[in-house]
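Student: Below: one structure in structure tokens.
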Amino acid sequence: MASSRMRTPLGGAVVLITGAASGIGKEMAEGAAHRGAKHVIVWDIEEEGGEIAASEIRSFGANATYYRVDLTDPDDVAAVGKRVLAEHGRVDVLINNAGIVTGKDFLDLTEEEIARTFDINALALYRTTRVFLPGMIERGKGSVTTIASAAGLLGVARQTDYSASKFAAVGFTESLRAELRHHGNPLHTLIVHPYYTNTRMFDGVKSRVSALLPILDTEEVAARILDAIEAGNQSLVMPRFAATIRLMKCLPVPVLDRVTDLFGIHSTMDEFVGHSGKRGDSQ
Ligand SMILES: NC(=O)c1ccc[n+]([C@@H]2O[C@H](COP(=O)([O-])OP(=O)(O)OC[C@H]3O[C@@H](n4cnc5c(N)ncnc54)[C@H](O)[C@@H]3O)[C@@H](O)[C@H]2O)c1
């Protein structure tokens with residue numbers, strides 16, 4: 001079995017971040033460049049935001065390139081991944097960050113919405129990691145980070161699709177870590193569980209106990225993820241209080257339900273509008 005802690009300095013690394021045209025991904029891209037990454041590769045379906053993210057990084061003298069990619073299309077991911085490897089030689093740090101949320105009650109979800117959520121939040125992890133992991137294994141170093149969510153620790157009302165897709169992301173990362181260790185591959189994996197963060201993705205959500213569970217700041221979340229990669233940490237829950245969810249889940253279900261009601265967890269999405277700015281229409 002490989003050793004359990006593998007530090008990955010970002011200085012000199014080729015870093016690829018999915019969903020880096022906005023939000024946490026964009027902040028991480030800038031942060032990685034500031035920490036001396038050799039090249040930052042911005043992957044996103046949004047061309048304008050992706051170009052802006054990469055050019056902002058280049059404006060302070062670092063190297064960055066935007067590639068348009070649709071993570072729901074396995075052929076596109078494979079083809080664009082091949083181009084990245086041909087043009088940059090390797091990817092040392094892969095951050096699977098892209099994600100979407102519908103924010104709808106279960107019975108209001110269409111089959112397409114559910115499938116799209118799983119496609120981007122869960123299946124895309126397999127597609128991107130499949131492209132870049134072989135090179136990491138060959139070189140005996142590399143890091144794969146998955147941005148899950150606090151909703152990947154606890155199911156939340158109006159998140160039957162989102163929460164389940166994030167549980168899948170957790171299972172993917174945990175199994176990948178186990179498999180790499182089992183085969184003696186000393187690569188780093190990190191699973192991240194942020195609580196609500198002030199990007200546009202969860203616009204409108206309200207934290208009911210903001211002293212314990214504040215809405216997080218995007219810049220700070222991004223910095224803490226990069227710190228965790230550099231330190232070789234394998235799990236990151238933000239804020240720290242959210243880690244108590246793991247203990248709470250040992251409680252009998254009716255008690256757990258009472259506790260989560262006390263914290264107002266299941267009413268946080270009541271005023272959710274998301275990217276669209278309109279109730280019940282987040283995409
Ligand atoms: N914002 C929060 O409150 C919060 C909380 C916990 C976890 N997260 C997770 O953090 C990650 C980043 O979220 P964010 O808040 O920065 O959201 P965001 O909406 O700002 O960023 C997501 C990015 O993913 C891109 N994307 C969506 N579909 C894509 C596709 N098919 N192909 C390529 N790119 C695609 C979008 O264009 C966007 O730039 C997500 O995985 C999200 O689930 C966010």
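Student: Given the options I45, I229, I95, which has the most mean-square fluctuation in a GNM of the chain, springs set between C-alpha atoms less than 10 angstrom apart?
Tutor: In this elastic network of the chain, the residue with the biggest mean-square fluctuation among I45, I229, I95 is I45.
Student: Pairing the Cα long axis of helix 160-182 with the longest principal axis of the chain, what angle in degrees results, from 0 to 90 and rounded to the nearest 10?
Tutor: Roughly 40 degrees, rounded to the nearest 10.
Student: Let me ask something else. Once R0 is set to 51 Å, what does the formula 1/(1 + (r/R0)^6) return for the Cβ-Cβ distance between R83 and I215, expressed as a FRET efficiency to the nearest 0.05?
Tutor: Details: r = 37 Å, r/R0 = 0.73.
That pair, R83 with I215, gives E of 0.85.
Student: Gaussian network model of the chain, Cα springs within a sub-10 Å range: biggest mean-square fluctuation belongs to which of V259, V192, V156?
Tutor: V259
Student: How large is ³J(HN,Hα), in whole Hz, for each residue of region 43-52 in order, when computed from phi with the Karplus curve 6.51 cos²θ - 1.76 cosθ + 1.60 and θ = phi - 60°, using x for Gly and Pro?
Tutor: After applying 6.51 cos²θ - 1.76 cosθ + 1.60, I find 10, 6, 7, 7, 5, 4, x, x, 5, 5 Hz.
Student: Using θ = phi - 60° and the Karplus form 6.51 cos²θ - 1.76 cosθ + 1.60, what ³J(HN,Hα) does each residue of region 128-133 get, whole Hz, x for Gly and Pro?
Tutor: With coefficients 6.51, -1.76 and 1.60, one gets 6, 5, 4, 6, 9, 5 Hz.
Student: For a paramagnetic label modelled at 7 Å from the Cα of Y126 toward its Cβ, which residues of region 72-87 fall within the zone defined by backbone nitrogen distances under 16 Å?
Tutor: 72-78
Student: Let me ask you something else. Suppose each label sits 7 Å from its Cα in the direction of the beta carbon; what would the S267-T244 distance come out to in nanometres?
Tutor: Distance between label points: 1.9 nm.
Student: Which residue fluctuates most in the GNM of the chain (Cα springs below 10 Å): A122, A228, A211?
Tutor: Of A122, A228, A211, the Gaussian network model singles out A211 as fluctuating most.
Student: Check T197: other-chain or 5+ apart residues with amide H under 5 Å from its amide H, H built from backbone geometry?
Tutor: Placed amide hydrogens put L216 under 5 Å from T197.
Student: Projecting each Cα onto the charge dipole of region 14-276 (Lys/Arg +1, Asp/Glu -1 at the beta carbon, about the Cα centre), which of A164, H183, F118 comes out farthest on the positive side?
Tutor: Of the options given, the answer is H183.
Student: Next question, about the same structure. Consider all pairwise Cα distances in the chain and report the whole-number % of them above 35 Å.
Tutor: Values: 5748 of 39903 pairs.
So the portion of pairs separated by more than 35 Å is 14 percent.
Student: Now for a separate question. Distance in nm between label sites at N185 and N63, each 7 Å beyond Cα in the beta-carbon direction?
Tutor: 2.5 nm
Student: Also, I was wondering about something else. Explain nothing, just the number: relative contact order of the chain, from Cα pairs under 8 Å at least 6 residues apart, as a whole percent.
Tutor: Numbers: 583 pairs, mean separation 59.0, N = 283.
Once divided by the residue count of the chain, the mean separation gives 21 percent.
Student: Taking the Cα centre of region 14-276 as origin, sum charge times position over the Cβ atoms of Lys and Arg (+1) and Asp and Glu (-1), and report the length of that vector in debye to the nearest 20. Mind showing how you got there, number by number?
Tutor: Values: 26 positive and 34 negative charges, 223 e Å.
I would put it at about 1080 debye.
Student: Report the local net charge at V77: Lys and Arg +1, Asp and Glu -1, summed over other residues whose C-beta lies under 10 Å from its C-beta. Mind showing how you got there, number by number?
Tutor: Values: positive: K82, R127, R130; negative: D70, D73, D75, D76.
That works out to -1.
Student: How big is the dipole moment of region 188-283 about its Cα centre under a simple scheme where the beta carbon of each Lys and Arg is +1, that of each Asp and Glu is -1, and everything else is neutral? Debye, nearest 20, please. All intermediate terms of the calculation are to be shown ahead of the outcome.
Tutor: Working: 10 positive and 11 negative charges, 58 e Å.
The calculated dipole for region 188-283 is roughly 280 debye.
Student: Please compute, for the alpha-carbon atoms of region 70-172, the extent along each of the three principal axes and give them in descending order in Å.
Tutor: Here the Cα extents, ordered largest to smallest, are 46, 26, 14 Å.
Student: Let me ask you something else. Decide, for region 192-280, between rounded, prolate and oblate: order the square roots of the alpha carbon gyration tensor eigenvalues as a ≥ b ≥ c, take rounded if a/c falls under 1.5, and otherwise choose prolate if a/b is larger than b/c, else oblate. Intermediate results must be reported in sequence, preceding the final value.
Tutor: Working: a/c = 2.40, a/b = 1.07, b/c = 2.25.
Note, shape of region 192-280 comes out oblate.
Student: Using amide H atoms built in the peptide plane, which far-off residues or other-chain residues are under 5 Å from S235 H to H?
Tutor: Amide H neighbours of S235, under 5 Å, 5+ apart: I191.
Student: Provide the per-residue ³J(HN,Hα) series for region 260-275, in order, calculated from phi with Karplus coefficients 6.51, -1.76, 1.60 and θ = phi - 60°, each as a whole number of Hz, with x at glycine and proline positions.
Tutor: Going residue by residue, I get 5, 5, 4, 7, x, 4, 8, 9, 4, 8, 4, 10, 4, 10, x, 4 Hz, with x marking Gly and Pro.
Student: So, one more: Could you tell me the center-to-center distance, by alpha carbons, between region 167-238 and region 14-31 in angstrom?
Tutor: Region 167-238 and region 14-31 have Cα centres separated by 14 Å.
Read the figures in this text as sums done on the coordinates, not as results from a lab. Everything quoted here is computed from the prediction, not taken from an experiment. Positions of Cβ are backbone-derived with ideal geometry, glycine not excepted, and every protein chain shown enters the neighbour counts.
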